[in-house]
Amino acid sequence: EPEVTQTPSHQVTQMGQEVILRCVPISNHLYFYWYRQILGQKVEFLVSFYNNEISEKSEIFDDQFSVERPDGSNFTLKIRSTKLEDSAMYFCASSERLAGFTGELFFGEGSRLTVL
Amino acid sequence: DAKTTQPTSMDCAEGRAANLPCNHSTISGNEYVYWYRQIHSQGPQYIIHGLKNNETNEMASLIITEDRKSSTLILPHATLRDTAVYYCIVAGSARQLTFGSGTQLTVLP
């Protein structure tokens, strides 16, 4: 069964460092998402991405965050200067359609980011 | 997105049906009811969604009341692997899902 894969599974970084989280969406999917979950809290939407541009983003997704699809398979989330409060599990997701989409998002297993 | 209300936790005996309720009294006409689950901090997993009619797939059934103000997710034969947090989400599309606190379902042997 096709799946969304994420790397690394766990990253530890120092405050102020840049971090890149990587995702390989399902191959025929065209729409990509990042969510995050701070330990013990709710899953929160960050951003959706289609056709090489951001479709929607939440208030959390400020200038410290960026997303990119550098090639035909990877989808990345970059945090430029990490803060302690960025420590969370980051989930990538993909779907077949976006506009008017009412179906299923496929989530990866997540990348745990720990900022010290 | 309309808000949902779910019980914090529920138990279910293995092999029995698990019925998870959700209230969404402010749902609007074009909003769907989605159910996802999260097993022990893994990525959320889609279960089912519906608009007005009851829906069934290989994982579960979704029963939506006629006034659409509440719904019930039914896992017909719960197993230990169904122990998870179950999220009921109301949204006009699946593009930007707002997860609440969900219901912690514990399936007991």
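Read-outs throughout are calculated quantities, based only on the coordinates presented, and are distinct from any laboratory measurement. This is a predicted model, so every value here is computed, not measured. So basically every Cβ, Gly included, is an ideal-geometry build from the backbone, and we count neighbours across all protein chains shown.
For a paramagnetic label modelled on A:GLU1 (point 7 Å from Cα along Cα→Cβ), amide N atoms under 16 Å away belong, within the range A:20-51, to A:26-27.
Here the spin labels are modelled as points 7 Å beyond Cα on the Cα-Cβ line, and at B:SER9 and A:ILE20 they lie 4.3 nm apart. Debye-formula intensities of the range B:1-42, expressed as log10 I(q)/I(0) at q = 0.20 Å⁻¹, are -0.83 (one equal scatterer per alpha-carbon, no solvent).
Annotation: cysteines of the protein assembly as shown without a disulfide-compatible partner (Cβ-Cβ under 4.7 angstrom) are B:CYS12. Here, the protein assembly as shown has an Rg and a Dmax of 17.7, 53 Å when only alpha carbons are counted.
Across all C-alpha atoms in chain B, the radius of gyration and Dmax reach 12.9, 40 Å. Note on B:40-53: average number of Cβ atoms from other chains within 10 Å of each residue's Cβ is 4. The spread of Cα positions in the range A:1-94, taken along each principal axis and listed from longest to shortest, comes to 36, 26, 25 Å.
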